[in-house]
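The values are calculated or read from the model by the stated rules, or taken from the named source; none is laboratory data. All values reported here derive from a predicted model rather than from experimental measurement. Here Cβ is always computed from backbone atoms with ideal geometry, including for glycine, and neighbour counts include all displayed protein chains. With ligands, DNA and RNA removed, areas are computed over all heavy atoms of the protein, side chains included. Shrake-Rupley method; radii C 1.70, N 1.55, O 1.52, S 1.80 Å.
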Amino acid sequence: MPRSRRHGFRRIGSATAVALAVAILPTALMTPVASADELSAATTQSSNGSRIESVNTLDNKQVQLQVYSASMNRTIPVTVQRPADESVSRPVLYLLNGAGGGEDAASWQSQTDAEAFFADKNAYIVTPQKGKWSYYTDWLQDDPKLGSNKWSTFLGEELPPLIDAQFDTNGRQSLAALSMTGTSVLNIAIKYPGKFTGVAAYSGCAQTSDPIGQQFVKLVVETYGGGNVENMWGPLDGPVWRENDPLLNAEKLRGTQIYMSTGSGLPGAPNDTFANPRLDNDPATLANQVIVGGGIEVATNFCTSNLAKRLDQLGIPATVDFRPVGNHSWGYWQDDLHKSWPFLAGSLGL
């Protein structure tokens with residue numbers, strides 16, 4: 001697909017005029033102790049006590065780890081798809097689920113062809129489960145509804161060295177995520193500079209501390225999740241919101257390879273037709289995807305455009321795909337994953 005250079009960042013497709021629709025929408029050093037073939041839980045643990053408690057083989061290429069997170073004092077299931085060729089050390093792609101945290105049917109594994117797509121790829125694909133409605137961030141305090149959440153610590157400090165100890169990795173790693181976690185991966189890259197080579201964010205909202213961004217966060221955490229955003233980042237006018245705003249902290253993304261994508265909010269084929277099996281031939285499901293999903297995607301388009309412009313002002317390169325159609329739904333995110341793979345592969349050194 002042809003690419004043009006505009007505003008200093010690469011655009012794929014064409015940008016679409018947007019409205020502020022969201023305002024109205026309800027490290028420890030570790031020594032490897034087990035090869036991937038042995039499939040036994042690593043006996044070492046991080047200095048804070050995080051560890052792999054068990055390894056369950058799902059099939060010849062997929063395993064599920066039970067990883068104890070000391071920061072959250074709970075065990076997190078983590079699915080790992082192993083590389084096609086394990087004869088040499090391989091990189092790691094952390095592929096995060098969205099707002100549901102993979103705790104429901106809305107996951108990469110159940111809604112897309114990710115498993116088949118990665119079957120011939122030479123990277124470890126690591127997907128944590130749980131963490132729904134949490135923004136995969138470190139909360140200031142436990143929430144009565146959403147519990148203990150220290151996801152930035154888990155993903156940035158606790159999990160990577162355990163993965164490296166369990167499998168034959170080569171030290172290179174990137175992040176990819178959608179929707180809620182499209183914001184999260186940008187913040188994780190900012191908090192841990194140099195740890196992740198690349199970051200891909202599909203339909204994320206990169207601004208969080210202004211009224212529009214806060215409304216988007218509240219929609220996820222409070223309206224859908226039943227939590228309290230002040231337990232997450234404190235008072236709405238407080239400093240922690242600004243510390244977790246990728247738009248305000250864009251300079252800290254310098255040196256990270258960046259890919260972002262978003263749709264225009266307009267419906268398109270085949271994802272917004274009954275040729276899409278996810279719709280189950282249900283007119284109500286289709287209407288919800290087109291109307292509600294379209295409105296949410298208009299908002300993410302607005303946020304993505306703002307971050308793209310800010311990165312351009314700072315002279316930080318980014319690949320940005322403004323799709324001429326597309327709403328906030330899995331068919332488009334599957335397309336995004338496929339289209340971004342050359343970027344991700346490059347960031348992983350493949």
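When TRP333, TRP341 are checked against the criterion of being among the aromatic types (Phe, Trp, Tyr), open to solvent by less than 30 Å² (accessible area, probe 1.4 Å), in a helix (DSSP H, G or I) and closer than 20 Å to SER107 by Cβ, a single residue qualifies: TRP333. Which ones in segment 67-81 are polar (S, T, N, Q) and open to solvent by 50 Å² or more (accessible area, probe 1.4 Å)? The one that is polar (S, T, N, Q) and open to solvent by 50 Å² or more (accessible area, probe 1.4 Å): ASN73. Please name all residue pairs, on different chains or six or more residues apart, with Cβ atoms under 9 Å, provided the first residue is in segment 300-316 and is at positive phi and the second residue is surrounded by fewer than 17 Cβ atoms within 10 Å (Cβ to Cβ) and modelled with pLDDT of 95 or more. Correct list of pairs: GLY315/ARG254.
Applying the condition of being more than 18 Å from the chain's Cα centre (by Cα) and part of a helix (DSSP H, G or I) to segment 233-251 and asking which residue is nearest to GLN214 (Cα to Cα) yields TRP241. Restricting GLY204, GLY268, GLY227 to those that are touching a helix residue (DSSP H, G or I) at 6+ places or on another chain (Cβ under 7 Å), within 20 Å of TRP333 (Cβ to Cβ) and part of a loop (DSSP other than H, G, I, E, B) reduces the list to GLY204.
Within segment 252-265, can you find the residues that are part of a loop (DSSP other than H, G, I, E, B), open to solvent by 30 Å² or more (accessible area, probe 1.4 Å) and out of contact with any Leu (no Cβ under 8 Å at 6 or more places or on another chain)?
GLY255
Annotation: of all residues in segment 136-190 being closer than 20 Å to ARG242 by Cα and of a type in the set (A, V, I, L, M), the one that is most open to solvent (accessible area, probe 1.4 Å) is LEU140. Scanning segment 75-100 for residues that are part of a strand (DSSP E or B) and more than 21 Å from the chain's Cα centre (by Cα) yields no hits at all.
Could you tell me whether segment 101-122 includes any residue that is part of a strand (DSSP E or B) and surrounded by 14 or more Cβ atoms within 10 Å (Cβ to Cβ)?
Our first condition is that a residue be part of a strand (DSSP E or B); within segment 101-122, this holds for none.
Scanning segment 101-122 turns up no residue that is part of a strand (DSSP E or B) and surrounded by 14 or more Cβ atoms within 10 Å (Cβ to Cβ).
Take segment 123-148 and flag every residue that is within 30 Å of LYS61 (Cβ to Cβ) and either part of a loop (DSSP other than H, G, I, E, B) or more than 17 Å from the chain's Cα centre (by Cα) (or both). Residues satisfying the conditions are ALA123, GLN129, LYS130, GLY131, LYS132, SER134, TYR136.
So for segment 274-281 (the condition being surrounded by 15 or more Cβ atoms within 10 Å (Cβ to Cβ) and either among the polar types (S, T, N, Q) or under 19 Å from SER264 (Cα atoms) (or both)), does at least one residue qualify? Within segment 274-281, one or more residues are surrounded by 15 or more Cβ atoms within 10 Å (Cβ to Cβ) and either among the polar types (S, T, N, Q) or under 19 Å from SER264 (Cα atoms) (or both).
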